[in-house]
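The values are calculated or read from the model by the stated rules, or taken from the named source; none is laboratory data. The model shown is predicted, which means the values in this text are computed figures rather than measured ones. As a convention, Cβ positions derive from the backbone with ideal geometry for all residues, glycine included, and neighbour counts pool all protein chains shown.
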């Protein structure tokens with residue numbers, strides 16, 4: 001990280017003290033009618049909205065509605081998405097007539113409204129932006145959108161509008177940096193965005209564009225219970241007074257795109273653990289781009305991340321699971337699934353890799369068989385008898401799991417080998433596990449070095465902006481992707497071992 | 001034995017006005033500009049905090065800022081500046097009496113011109129002229145005899161015992177730079193040569209060190225004198241062993257207080273960022289706190305929650321503190337907590 005000049009920092013303080021806020025309201029009657037109809041339809045469905053039958057079309061409806069009011073989409077994209085949605089509804093109608101006859105009219109009406117929106121689409125947001133930019137010369141302008149996956153569409157539409165201005169399409173993460181624009185154009189109601197966009201503004205002039213039928217009221221939350229009075233009233237108050245919505249409107253939060261439901265994810269995962277032996281205790285993580293993953297709920301376990309917020313010159317690092325926070329970037333294998341260290345470790349071991357892995361799988365398989373046939377209590381008792389100091393259910397589950405290489409203590413390993421009938425080969429197996437362990441450590445170091453070099457060569461800004469970036473390990477058919485963590489589940493659930501580290505995409 | 005907190009009796013110390021008018025920085029075009037208002041605010045804030053003096057109450061000052069960068073560095077600069085004008089804990093006579101009362105064999109550090117040497121208290125002697133001298137052995141066969149007025153050249157070494165070499169050159173003392181002499185004037189040498197743990201900064205260490213590299217200029221009528229922000233901080237790790245320091249800098253991941261060669265607690269701890277405060281606050285429960293929260297930080301509200309909990313346990317009586325006017329964009333809260 002390079003030193004920040006005081007002049008640059010000054011621009012941030014200058015913005016904070018003297019920013020002006022304005023709002024622009026766009027009107028689109030067809031979109032308003034469609035949005036309200038979708039809302040009514042969802043309320044009418046009531047609990048049935050989470051049925052397998054309705055979930056896909058509700059997701060599509062909400063996605064289209066959100067996209068249309070959160071970014072200046074190109075005409076062709078709107079036509080395409082609308083057509084797909086109409087086809088989806090059309091496919092649903094025959095079964096709807098039989099199973100849900102009361103909702104056929106709703107669906108038909110919504111389909112027609114989708115067609116109206118598409119046919120009459122004028123890209124009012126783009127027109128509004130164009131009006132704002134009119135007359136501006138050589139300005140640094142940021143267009144802030146909520147959803148990173150809409151960046152490329154927004155950039156495409158804004159390209160002809162640049163002129164002599166420098167226009168950047170940004171997401172909220174980028175407005176944490178020490179950067180100051182002449183103007184920020186915010187697309188969407190203020191409540192879609194983190195408070196700091198308005199309380200620690202990165203521009204002297206902020207303009208909020210939103211549709212007339214979305215409520216725009218917002219006021220900054222107090223950070224401290226009792227504050228020392230400032231010279232003048234906080235500019236934040238002036239923001240809320242500017243976005244005074246006279247029309248009835250939809251709540252901004254209800255318009256946000258559907259995200260993976262962590263609770264549902266947890267339930268589905270738990271349902272898979274049909275036997276009590278092969279499971280791992282895990283926690284769910286919602287990631288950027290509608291992805292999710294389960295990681296072991298082991299606070300002392302470690303994971304590789306990129307942390308761009310602490311300003312360290314080594315953003316690629318291994319941290320304890322308990323230190324994971326939203327905003328950090330998890331590094332996960334995206335080709336092949338599972339741990340990305342294993343193929344690199346296998347390469348380090350060379351010709352001895354296959355036999356080493358066989359040894360590893362053999363004693364674990366026998367231990368799992370023991371637990372399955374004799375039960376945990378018996379296994380624990382026998383391990384203790386054979387000299388194990390820490391035999392319990394949690395540790396046995398770890399030892400059985402493919403991702404753990406060996407026990408930490410030789411005494412525990414000896415106990416396991418004796419129990420499963422491999423007492424004549426203890427030292428041989430132990431040495432082999434040590435061999436794997438060393439290879440894994442070397443692989444970890446190599447991967448971290450390689451990733452650090454790639455991260456430093458890549459655009460950190462792009463990673464912050466989009467929340468996802470892919471890296472590849474040279475010489476290996478392995479790709480690793482950095483995903484921003486958006487939410488971490490509090491609940492610990494049981495999942496099948498193969499779920500750990502395996503990416504889940506929102507259906 | 002618990003470390004003593006660096007508290008000295010403050011009886012109306014006279015803190016000269018910080019020479020803001022003379023301090024400049026180089027902007028992106030390499031043109032000298034006056035220190036910005038926000039930096040001036042932070043330095044003034046530090047100076048105001050420096051003279052907080054309540055034995056039974058510790059201060060908590062929380063700031064929510066549009067960016068955390070440089071805030072901790074400038075506040076610490078103000079604190080170290082302000083604290084440097086607080087009189088010594090002991091007067092010259094009291095200090096001489098203290099040194100002269102040390103037991104033979106006590107390890108000490110002796111300032112010999114521009115070098116610091118290890119020594120051991122030997123004995124007191126009374127010369128025929130009636131003067132009292134304290135003898136300090138520096139090497140095998142070499143002693144130094146000092147009169148009471150020279151007592152300030154001697155400080156107690158915190159080590160239990162030391163072995164004297166046959167011959168020692170001592171460690172070079174860095175005397176105060178022209179930049180520091182321009183800012184601190186009469187106090188400059190004492191600021192540079194004497195260790196006092198005035199402050200601790202807990203935060204993202206690499207970012208903090210980046211901030212400390214900020215180049216400054218002291219513009220006088222005669223000339224421009226370059227310096228760095230780090231010269232106000234005098235962090236422990238930048239200085240070779242034995243050289244005076246005023247601040248220690250600790251990582252947000254540290255689970256213990258930093259190991260220092262003196263048994264002293266800082267007067268104030270500056271938590272640079274939400275994570276620093278959340279992770280480390282329990283290590284520094286007996287010190288005054290300055291908590292800097294970046295409004296863009298992902299843990300802002302979580303840190304604010306913890307601060308609110310501290311606030312609920314505050315003392316009711318008002319804290320008298322002459323704080324500078326808070327600039328727009330910065331939210332602030334101050335209260336006292338019983339120690």
Can you tell me which residue is nearest to the other protein chains (Cβ to nearest Cβ) among those in the stretch B:254-279 that are within 15 Å of residue A:309 (Cα to Cα) and in contact with a strand residue (DSSP E or B) (Cβ under 6 Å, 6 or more places away or on another chain)?
B:273
Residue B:58 vs. criteria more than 10 Å from chain A (Cβ to nearest Cβ) and either closer than 22 Å to residue B:310 by Cα or in a strand (DSSP E or B) (or both)
yes
I'd like to verify a number: residues in the stretch A:299-327 that are without any contact (Cβ under 8 Å) to a residue 24 or more places away in the chain and under 28 Å from residue A:394 (Cβ atoms), how many?
8
Filter the stretch A:473-488 down to the residues that are under 20 Å from the mean Cα position of the chain (by Cα) and surrounded by fewer than 19 Cβ atoms within 10 Å (Cβ to Cβ), then identify the one that is farthest from residue A:399 (Cα to Cα).
A:486
Please tell me if residue A:307 is out of contact with any helix residue (DSSP H, G or I) (no Cβ under 9 Å at 6 or more places or on another chain) and under 19 Å from residue A:444 (Cβ atoms).
yes
Does residue B:245 count as more than 14 Å from chain A (Cβ to nearest Cβ), in a loop (DSSP other than H, G, I, E, B), closer than 30 Å to residue B:26 by Cβ and within 13 Å of the chain's Cα centre (by Cα)?
yes
Inspect all residues belonging to the stretch B:194-209 and state whether any of them is modelled with pLDDT under 85, closer than 18 Å to residue B:233 by Cβ and surrounded by 17 or more Cβ atoms within 10 Å (Cβ to Cβ).
yes
Within the stretch A:235-247, restricting attention to residues that are within 14 Å of chain B (Cβ to nearest Cβ) and surrounded by fewer than 16 Cβ atoms within 10 Å (Cβ to Cβ), which residue is modelled with the lowest pLDDT?
A:237
All positions within the stretch A:491-502 that are surrounded by fewer than 18 Cβ atoms within 10 Å (Cβ to Cβ) and at pLDDT 85 or above
A:491, A:492, A:502
Please give the number of the condition residue B:237 fails out of (1) under 22 Å from residue B:303 (Cα atoms); (2) not in a helix (DSSP H, G or I).
(1)
Any residue at all in the stretch A:204-220 that's more than 8 Å from chain B (Cβ to nearest Cβ), under 23 Å from residue B:310 (Cβ atoms) and in a loop (DSSP other than H, G, I, E, B)?
yes
Filter the stretch B:308-322 down to the residues that are in contact with a strand residue (DSSP E or B) (Cβ under 7 Å, 6 or more places away or on another chain) and at the interface with chain A (Cβ under 7 Å from one of its Cβ atoms) and list them by number.
B:311
Subset tally (residues that are closer than 27 Å to residue A:152 by Cα and either buried (at least 17 other Cβ atoms within 10 Å of the Cβ) or at pLDDT 85 or above (or both)) for the stretch A:419-459
3
Can you name the condition, by its number, that residue B:42 falls short on among (1) within 12 Å of chain A (Cβ to nearest Cβ); (2) surrounded by fewer than 24 Cβ atoms within 10 Å (Cβ to Cβ)?
(2)
I'd like the full set of residues that are buried (at least 22 other Cβ atoms within 10 Å of the Cβ) and more than 10 Å from chain A (Cβ to nearest Cβ), limited to the stretch B:292-307.
B:292
Would the stretch B:260-279 turn up any residue that is exposed (fewer than 15 other Cβ atoms within 10 Å of the Cβ), assigned to a loop (DSSP other than H, G, I, E, B) and modelled with pLDDT of 90 or more?
no
Residue that is within 14 Å of chain A (Cβ to nearest Cβ) and surrounded by fewer than 16 Cβ atoms within 10 Å (Cβ to Cβ), where the choices are B:94, B:33:
B:33
Residue check: is residue B:182 part of a loop (DSSP other than H, G, I, E, B) and either modelled with pLDDT of 95 or more or more than 25 Å from residue B:289 (Cβ to Cβ) (or both)?
no
Quickly run through the stretch A:185-198 and pick out the residues that are touching a residue at least 40 places away in the same chain (Cβ under 8 Å), within 14 Å of chain B (Cβ to nearest Cβ) and not in a loop (DSSP other than H, G, I, E, B).
A:197, A:198
Please verify whether the stretch B:199-206 includes one or more residues that are out of contact with any strand residue (DSSP E or B) (no Cβ under 7 Å at 6 or more places or on another chain), within 14 Å of another protein chain (Cβ to nearest Cβ), within 23 Å of residue B:260 (Cβ to Cβ) and without any contact (Cβ under 8 Å) to a residue 24 or more places away in the chain.
yes
Complete set of residues in the stretch A:134-146 that are outside any strand (DSSP E or B) and crowded, with 20+ Cβ neighbours inside 10 Å:
A:145, A:146
Take residue A:347 and decide whether it is surrounded by fewer than 18 Cβ atoms within 10 Å (Cβ to Cβ) and closer than 16 Å to residue A:441 by Cβ.
yes
Just to check your reading of the model, which residue among B:14, B:79, B:86, B:10 is under 18 Å from the mean Cα position of the chain (by Cα), farther than 19 Å from residue B:194 by Cα and either more than 14 Å from chain A (Cβ to nearest Cβ) or at pLDDT 95 or above (or both)?
B:14
I'd like the full set of residues that are touching a strand residue (DSSP E or B) at 6+ places or on another chain (Cβ under 9 Å), within 23 Å of residue B:235 (Cα to Cα) and within 13 Å of another protein chain (Cβ to nearest Cβ), limited to the stretch B:64-76.
B:67, B:68, B:69, B:71, B:72, B:73
Taking residue B:282, is it surrounded by fewer than 15 Cβ atoms within 10 Å (Cβ to Cβ), in contact with a helix residue (DSSP H, G or I) (Cβ under 7 Å, 6 or more places away or on another chain) and more than 12 Å from every other protein chain (Cβ to nearest Cβ)?
no
When residues of the stretch A:1-24 are limited to those that are outside any helix (DSSP H, G or I) and surrounded by 18 or more Cβ atoms within 10 Å (Cβ to Cβ), the one nearest to the other protein chains (Cβ to nearest Cβ)
A:4
Picking from A:98, A:113, A:92, which residue would you name as being free of Cβ contacts under 8 Å to residues at least 40 places away in the same chain and either surrounded by 15 or more Cβ atoms within 10 Å (Cβ to Cβ) or closer than 18 Å to residue A:43 by Cα (or both)?
A:92
Given the criterion within 14 Å of another protein chain (Cβ to nearest Cβ) and either within 21 Å of the chain's Cα centre (by Cα) or not in a strand (DSSP E or B) (or both), identify the matching residue among A:157, A:179.
A:179
